[in-house]
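Everything on this sheet refers to the single structure shown next.
The values are calculated or read from the model by the stated rules, or taken from the named source; none is laboratory data. These figures come from a predicted structure and were not determined experimentally. Neighbour counts run over all protein chains shown; Cβ positions are idealised from the backbone, glycine included.
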Amino acid sequence: MLMRIRTVTMLGLALITVAACSGSTATTASNYKLTLIQGVAGDPFYVTMACGAQAEATKEGVTLNITGGNKWDATVQKPVIDSVTAAKPDGVMVAPDDSKALLAPLKAMSDAGIKVTFVDTQLDDTSFAVSSIATDNSGGGTLAAQTLATLIGDKGSVLVVNVDPGISTTDARVQGFNDEMKKHPNITVLDVQYTHDDPTAATTITTSILAAHPDLAGVFATNVQNAEGVATGLKQANNTVVKTIAFDAGPKQIEDLNAGIVQGLIAQDPYGIGVAGVQQTVLALKGQATTKTIQTSLAALTKDNVNNADMQKYLYKATCS
Ligand code: T6T
């Protein structure tokens with residue numbers, strides 16, 4: 001498989017990412033049945049991933065079902081996983097909601113002879129997976145910290161608004177962020193706040209932290225829902241001082257970026273993750289070699305570059321059409 005190296009910068013800071021090129025695996029049309037289990041249904045990140053997976057499935061001549069729980073919660077996702085296993089598709093692309101709690105049902109899926117590929121999130125144990133495909137989440141967290149430090153003049157208090165502990169992607173983002181902030185002695189990172197992926201909780205947290213820390217300088221929101229909720233909280237408080245960097249690039253996040261409420265977005269390539277997920281699963285079904293770990297690209301979006309042609313593939317979709 002071809003690999004591509006690209007450099008991503010935001011406010012002059014650089015991050016190297018390595019992206020897998022999406023060559024087709026289609027040699028002959030096969031009647032494989034695949035299922036994509038999203039981390040949560042309705043999230044523009046997973047909607048966009050499903051669009052990529054569907055486009056590749058159509059190209060490869062395989063059938064794709066798409067499913068997901070209605071909230072980010074391992075106890076909600078477990079019965080979804082169990083029912084997919086019972087339906088016995090040939091292969092599954094899955095974004096597990098928890099890196100430990102879903103080991104048993106996903107191992108059972110693999111033991112039932114179903115090829116399992118991790119897309120976006122993964123388990124601590126990836127030994128039985130065909131492939132694990134994700135963004136450089138730690139590197140994205142580092143880039144978020146460097147950018148935020150520059151935006152706030154390298155001093156003051158910053159808040160991290162996160163989903164839940166135990167999620168491979170967002171844990172890595174916070175780790176990368178915190179490790180980088182250790183190099184900035186005049187910045188204080190407040191205790192991380194968890195929202196359970198609920199934008200309303202992110203708004204409430206933003207409001208109360210602004211009241212408790214009127215000198216708050218910056219926020220790192222680790223995904224779509226947190227970014228949306230933080231932006232609403234800042235808007236409600238008429239706060240134009242706090243600088244915000246967030247992961248992802250959902251439609252509301254782009255509005256908030258253009259409105260100047262959020263200063264930077266670390267956008268992933270969920271469409272590419274969906275494409276690669278189908279490709280790797282089909283390769284495994286054909287008995288061909290797969291790539292154990294694939295890192296897909298990210299882009300640093302600002303108000304100034306968001307309309308550039310080369311950034312358009314990083315904007316998440318509300319629907320595929
Ligand atoms: O940030 C993405 C995804 O990468 C993460 O694992 C969970 O949250 C999102 O789906 C965005 O809401």
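General observations
- Condition check for Thr117: within 16 Å of the ligand (Cβ to nearest atom), buried (at least 22 other Cβ atoms within 10 Å of the Cβ) and not aromatic (Phe, Trp, Tyr): yes
- One residue from Ala134, Ala104 being more than 14 Å from the ligand (Cβ to nearest atom), outside any loop (DSSP other than H, G, I, E, B) and more than 26 Å from Leu234 (Cα to Cα): Ala104
- Count of the stretch 199-231 residues, restricted to those that are over 20 Å from Leu257 (Cβ atoms) and part of a loop (DSSP other than H, G, I, E, B), is 3.
- Against the conditions (1) surrounded by fewer than 20 Cβ atoms within 10 Å (Cβ to Cβ); (2) within 11 Å of the ligand (Cβ to nearest atom); (3) charged (D, E, K, R), Asp248 satisfies every one except (1).
- Figure legend. Inter-residue proximity from the stretch 30-45: first residues free of Cβ contacts under 8 Å to residues at least 40 places away in the same chain, second residues assigned to a loop (DSSP other than H, G, I, E, B) and not hydrophobic (A, V, I, L, M, F, W, C), beta-carbon distance below 8 Å, spacing 6+ or different chains. Indicated pairs: Asn31/Gly61; Ala41/Gly69; Ala41/Asn70; Gly42/Asn70.
- Here the stretch 251-272 is the region considered, the condition is being part of a loop (DSSP other than H, G, I, E, B) and away from the ligand (no atom under 11 Å from the Cβ), and the residue that is surrounded by the most Cβ atoms within 10 Å (Cβ to Cβ) is Val262.
- Scope the stretch 28-87; condition within 22 Å of Tyr316 (Cβ to Cβ), assigned to a strand (DSSP E or B) and β-branched (Val, Ile, Thr); matching residues: Thr35, Ile37, Ile66, Thr67
- Residue in the stretch 53-68 that is modelled with pLDDT under 95, surrounded by 20 or more Cβ atoms within 10 Å (Cβ to Cβ) and within 16 Å of the ligand (Cβ to nearest atom) present: no
- Qualifying residue in the stretch 275-289 (condition: within 16 Å of the ligand (Cβ to nearest atom) and touching a Leu at 6+ places or on another chain (Cβ under 6 Å)): no
- Selection from the stretch 300-314 of residues that are within 10 Å of Asp269 (Cα to Cα) and touching a Leu at 6+ places or on another chain (Cβ under 8 Å): Tyr314
- Among the residues of the stretch 220-238, those that are more than 16 Å from the ligand (Cβ to nearest atom) and crowded, with 16+ Cβ neighbours inside 10 Å comprise Gly233, Leu234.
- Any hit, the stretch 178-190, residues being at pLDDT 95 or above, surrounded by fewer than 20 Cβ atoms within 10 Å (Cβ to Cβ) and within 13 Å of the ligand (Cβ to nearest atom): no
- Some residue of the stretch 74-88 being surrounded by fewer than 22 Cβ atoms within 10 Å (Cβ to Cβ), touching a helix residue (DSSP H, G or I) at 6+ places or on another chain (Cβ under 7 Å), closer than 27 Å to Leu265 by Cα and at pLDDT 95 or above: no
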